[in-house]
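Worksheet for the structure shown next.
The values are calculated or read from the model by the stated rules, or taken from the named source; none is laboratory data. All values derive from a computational prediction rather than experimental measurement. Using ideal geometry, Cβ is built from the backbone for each residue, glycine included, and neighbour counts are taken over all protein chains shown.
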Amino acid sequence: MVKFGGAIQSICSAASGCPITLVSDNTGATFGFKFGGTNTSTGFVLDGFYAGVDPTGLTFGNTGASSKFDASLNNVTLGNMSTQNTTTFNNLPNGSMGSFGVTGVSVTDFKMKVSGF
């Protein structure tokens, strides 16, 4: 198990976030990812966060409450590679989902396990 310390001011602080594309064959998802600490002087404090490998998978988490943060996925688009047809609703080659995010949130006693590798 590894325990973290220190802080992160931001990840991808550009207004639209850092562009990320996930592709499988000709179908994919694109979005801009943005993450930052709400407190401009301390950033997002990593104290209390941990990660580790155990026999059943990879575990991430934190103990107690985290500092507050803002996170967003901007301009999320899902679908097949092509241009969007503005005259039809059904069978769009690309479907815009809009933007999603949270502002000023924190997590308490978070634990996530990734398994099945």
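For region 16-38, name all the residues that are loosely packed, with under 15 Cβ neighbours inside 10 Å and of a type in the set (A, V, I, L, M, F, W, C). Working first, answer last.
In the first step, residues of region 16-38 are kept if they are loosely packed, with under 15 Cβ neighbours inside 10 Å; the result is 16, 18-27.
Answer for region 16-38, where residues must be loosely packed, with under 15 Cβ neighbours inside 10 Å and of a type in the set (A, V, I, L, M, F, W, C): Cys18, Ile20, Leu22, Val23.
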Any idea which of (1) surrounded by fewer than 13 Cβ atoms within 10 Å (Cβ to Cβ); (2) on the phi < 0 side of the Ramachandran plot is the one Tyr50 doesn't satisfy? (1)
Could you please give the count of residues in region 75-101 that are loosely packed, with under 11 Cβ neighbours inside 10 Å and either of a type in the set (D, E, K, R) or modelled with pLDDT of 70 or more (or both)? 1
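Specify which of the listed residues (Ser72, Ser67, Ser41, Ser13) is buried (at least 16 other Cβ atoms within 10 Å of the Cβ), part of a loop (DSSP other than H, G, I, E, B) and not basic (Lys, Arg).
On the way: Ser72 fails: part of a loop (DSSP other than H, G, I, E, B); Ser41 fails: buried (at least 16 other Cβ atoms within 10 Å of the Cβ); Ser13 fails: buried (at least 16 other Cβ atoms within 10 Å of the Cβ).
From the options Ser72, Ser67, Ser41, Ser13, the qualifying one is Ser67.
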